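Read through the structure below, which is laid out as structure tokens, and then see the notes.
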Amino acid sequence: MNYPNVKSNSKPGILGALAWFTILLFSFACKANPYAEQRYVPEAYSPVEVVVRKEEKPRVALPEKPAIYALIETTQGNMLFELYDKDASKTVQNFIDLAQGEKEFTLRNGQPQKRPFYDGLTFHRVIEGFMIQGGCPYGDGSGTPGYRFADEINAASLGLDQAKIGQSQYYTGYLYRYIGGELGIRSQREADERREELESNLEKAKNLSVMEILYRLGYRYNNVVKSKKAIKGALAMANAGPNTNGSQFFINQVDTPHLDGLHTVFGQIVQGADIVDKIIASGNGKTTIRKVSIFDKRAK
């Protein structure tokens, strides 16, 4: 079907008025609900080609799959992990270089050092039904290697762009944190005094995605990698918030869906899952890492 062309003298004033009316309606809607807009912008990201600088001969049988493997030998037994060199390349490179003594780090004495970082450290924090955490040079969770680096997470690949914050029980606390910050609420007393206002804003924001809320709280994501979920046996970076990765890592004893989008998962246990249980049973700081070895079984 052909439609007549709109001529130059066909009442442009009416068309202009309709356009302005549409803009005014949109502006009013945004003011009525300040949480209607989407602010998320993906980070620019380019992966690196992971390099294993020291060739180590495997001391255990490796899976058939071509990959980079990390063997963590402890006083409770050994755990073997596949490292995700394609989907968390910068995190994997950091872990490998620290493990092999190829990366300089600085501790509290201020003197730069370069040696196998993880050898001799403990699993300082272990929680039954949760995870084991290691990689702190001081054994109390306060230590870093003297630097921090960014997360490597694609929240959309984890489905967090589709999950509504109001329907996601694992992230309710982040919604409250965000709304409280927007309203300038700094204490429980203030929250109680402004409960009606707080609940009104929570209702308006409930349809935003989990990804959007976490982004507004400072988390940054890229749309390049294919992130892995924090399932049982996952090897992931411990942190103190967005983009605060260093040397500390944790290994899941169980699935932890409430950590998806918050921590970079960079490996998965493939042998020795029972050792996680033994480390937890032994208690905080009772298991020492004897050595971390890296085996490169990628296709050459």
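Only one of LEU202, LEU208 is surrounded by fewer than 20 Cβ atoms within 10 Å (Cβ to Cβ), farther than 30 Å from ALA67 by Cα and touching a helix residue (DSSP H, G or I) at 6+ places or on another chain (Cβ under 6 Å). Can you tell me which? Full working, then the answer.
On the way: LEU208 fails: surrounded by fewer than 20 Cβ atoms within 10 Å (Cβ to Cβ).
Exactly one residue qualifies, and that residue is LEU202.
Just checking, how many residues over the stretch 172-203 are of a type in the set (Lys, Arg) and under 27 Å from LEU259 (Cβ atoms)? Spell out the reasoning first.
Here is the first cut: in the stretch 172-203, the residues of a type in the set (Lys, Arg) are 177, 186, 189, 194-195.
If we keep only those that are under 27 Å from LEU259 (Cβ atoms) too, we end up with 177, 186.
Here the count works out to 2.
So which of VAL126, VAL48 is on the phi < 0 side of the Ramachandran plot and in contact with a strand residue (DSSP E or B) (Cβ under 6 Å, 6 or more places away or on another chain)? So that I can check it myself, show each step before the final result.
On the way: VAL48 fails: in contact with a strand residue (DSSP E or B) (Cβ under 6 Å, 6 or more places away or on another chain).
That would be VAL126, the only listed residue that is on the phi < 0 side of the Ramachandran plot and in contact with a strand residue (DSSP E or B) (Cβ under 6 Å, 6 or more places away or on another chain).
For the stretch 211-245, give me each residue that is small (Gly, Ala, Ser) and loosely packed, with under 15 Cβ neighbours inside 10 Å.
Narrowing the stretch 211-245 to residues small (Gly, Ala, Ser): 218, 227, 230, 233-234, 236, 238, 240-241.
GLY218, ALA240, GLY241 - these are the residues of the stretch 211-245 that are small (Gly, Ala, Ser) and loosely packed, with under 15 Cβ neighbours inside 10 Å.
Test ALA44 against the criterion of being modelled with pLDDT of 95 or more, of a type in the set (A, V, I, L, M) and not assigned by the TED database to the domain that holds LYS229, and give yes or no. Quick ask: steps written out before the conclusion?
Numbers: modelled with pLDDT of 95 or more: yes; of a type in the set (A, V, I, L, M): yes; not assigned by the TED database to the domain that holds LYS229: yes.
So ALA44 fits the description; yes.
Might you let me know whether the stretch 111-125 holds any residue that is closer than 30 Å to LYS278 by Cβ, aromatic (Phe, Trp, Tyr) and open to solvent by 50 Å² or more (accessible area, probe 1.4 Å)? Even if it seems obvious, please write down each step before you answer.
Of the stretch 111-125, the ones closer than 30 Å to LYS278 by Cβ are 115-125.
Still in the list and also aromatic (Phe, Trp, Tyr): 117-118, 123.
With the extra rule that they be open to solvent by 50 Å² or more (accessible area, probe 1.4 Å), the set shrinks to none.
No; the residues of the stretch 111-125 include none that is closer than 30 Å to LYS278 by Cβ, aromatic (Phe, Trp, Tyr) and open to solvent by 50 Å² or more (accessible area, probe 1.4 Å).
This table checks each residue for (1) in a loop (DSSP other than H, G, I, E, B); (2) out of contact with any helix residue (DSSP H, G or I) (no Cβ under 9 Å at 6 or more places or on another chain); (3) in the same structural domain as GLY141 (by the TED database).
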position	(1), (2), (3)
ILE213	no, no, no
LEU235	no, no, yes
HIS258	no, no, yes
VAL276	no, yes, yes
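Of the numbered conditions (1) within 29 Å of LEU235 (Cβ to Cβ); (2) touching a residue at least 24 places away in the same chain (Cβ under 8 Å), LYS164 fails exactly one; give the number of that condition.
Among (1) within 29 Å of LEU235 (Cβ to Cβ); (2) touching a residue at least 24 places away in the same chain (Cβ under 8 Å), LYS164 violates only (1).
Six or more apart or on different chains, Cβ atoms under 6 Å: show the pairs whose first residue is in the stretch 105-123 and in the same structural domain as GLN93 (by the TED database) and more than 17 Å from ARG148 (Cβ to Cβ) and whose second is open to solvent by 80 Å² or more (accessible area, probe 1.4 Å) and modelled with pLDDT of 95 or more.
LYS114/GLU104
The values are calculated or read from the model by the stated rules, or taken from the named source; none is laboratory data. As the structure is a computational prediction, the values presented were derived from the model and not from experiment. Neighbour counts run over all protein chains shown; Cβ positions are idealised from the backbone, glycine included. These area figures cover heavy atoms from the full protein model, side chains too; ligands, DNA and RNA do not enter into them. Shrake-Rupley method; radii C 1.70, N 1.55, O 1.52, S 1.80 Å.
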